[in-house]
1. Take R120 and L37, extend 7 Å from each Cα along the Cα→Cβ direction, and tell me the distance between the two endpoints in nm.
2. Tell me which trypsin sites (Lys or Arg not before Pro) from the stretch 67-110 have a DSSP coil assignment and no more than 10 other beta carbons within 10 Å of their own.
3. Pick out, in residue order, every one of the trypsin sites (Lys or Arg not before Pro) in the stretch 32-74 that is DSSP loop and has at most 11 other C-beta atoms within 10 Å; say none if there are none.
4. Tell me, what ³J(HN,Hα) does each residue in the stretch 116-124 have, in order and in whole Hz, if you take phi through Karplus 6.51 cos²θ - 1.76 cosθ + 1.60 with θ = phi - 60° and put x for Gly and Pro?
5. Multiplying the sequence separation of T141 and Q220 by 0.36 nm and subtracting their Cα-Cα distance, what value in nm do you get?
6. How large is the charge dipole for the stretch 76-173, taken about the Cα centre, if only the Cβ atoms of Lys, Arg (+1) and Asp, Glu (-1) carry charge, to the nearest 20 debye?
7. Note down the magnitude of the dipole of the stretch 1-156 about its Cα centre, charges +1 on Lys and Arg C-beta and -1 on Asp and Glu C-beta and zero elsewhere, to the nearest 20 debye.
8. Mind giving me the nanometre distance, one decimal, between the label points for L100 and Q83, set 7 Å out from Cα along Cα→Cβ?
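Values in this text are rule-based calculations from the coordinates and carry no lab data. For clarity, every value in this text was computed on a predicted model and none was experimentally measured. Reconstructed Cβ throughout: ideal geometry from the backbone, glycine too, with neighbour counts over all protein chains shown.
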Amino acid sequence: MARVSPALNLFFLRYIGKFRIKHSAGHWTVHSHLPPLNHPAFGRFISRHLLERTAGPSHAQIGLTNACPQACAYCYNRERRGQTMDTETILRAVRELQELGVCWLGLTGGEPLLNPDIARIVASAADGCAVKLFTTGSTLTREKARELKQAGLFSVSVSLDHWRPEIHDRNRGLSGAFATALNAIRLFQETGGIQVGVSAVVSRDMIGAGQVEEFLEFLQGLGIDESWLCEPKPSVAAFSSAISKAGSISAATPGTRWSTSTPAARSAPACSRP
Ligand code: SF4
């Protein structure tokens, strides 16, 4: 850090100082949207983005499929058009992003576990990047969780919106979605070596009823490493009408950010995937 400008150095140290650095899954982790401090990707982040001040991005996300078994009222993917990339195209995109200086890569969808080549993609991305998976948990098996760990997956965020199964299932448009999410959390935890968290879309109902703290206590009880709470994001043209039709699923105040009381991250920016 000695060759980093004093102002940038101070900014970065202040930023890191807002979090509780945790030793988990073999990593010294600030939070799952930054490569662990003892991961080669963090060294690349320092050299490419703090020392060389490269113009390229440090973070990126790739959608591995548009397919998804769930039907969230606030789905950012609902009217996405265009062709799904085949595996070779995805792998080429990963290489190009790595060359640009990307050191953190999120894998999303749709439901990325539905891409049969996901382990191969993780293995390729993990060569230079901290790789995070955003998933509903659908189709996850113990074997798949192990395969992803062996491929080098750093972190996973499982979507979970409420502690009451019927509300989560209703929000997600799929009966059994809550059980699927909890099962995925358990499988990843039992696999070990992966930072396990939750991404939640917080509704206006939950905020209005003063239930966010109760939700955070529920999440803490799951023994996860961190949780990311965010509001629905207007990613598609249908966002407004979808929200108005969704009844109780309504956007929190735009720009609202919620701190998590789970041990690993006390104050976190919003997640990038509902
Ligand atoms: S899980 Fe994600 S991709 Fe699937 S319906 Fe919900 S928001 Fe859309």
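1. 3.8
2. Passing both the DSSP loop test and the Cβ count: R81.
3. Here the sparse-neighbourhood loop sites are R53.
4. Once θ is set to phi - 60°, the couplings for the stretch 116-124 become x, 9, 4, 5, 5, 5, 4, 4, 5 Hz.
5. Taking T141 through Q220 to full extension adds about 26.1 nm, to one decimal.
6. 240
7. For the stretch 1-156, the charge dipole is close to 600 debye.
8. The two pseudo-label positions are separated by 2.0 nm.
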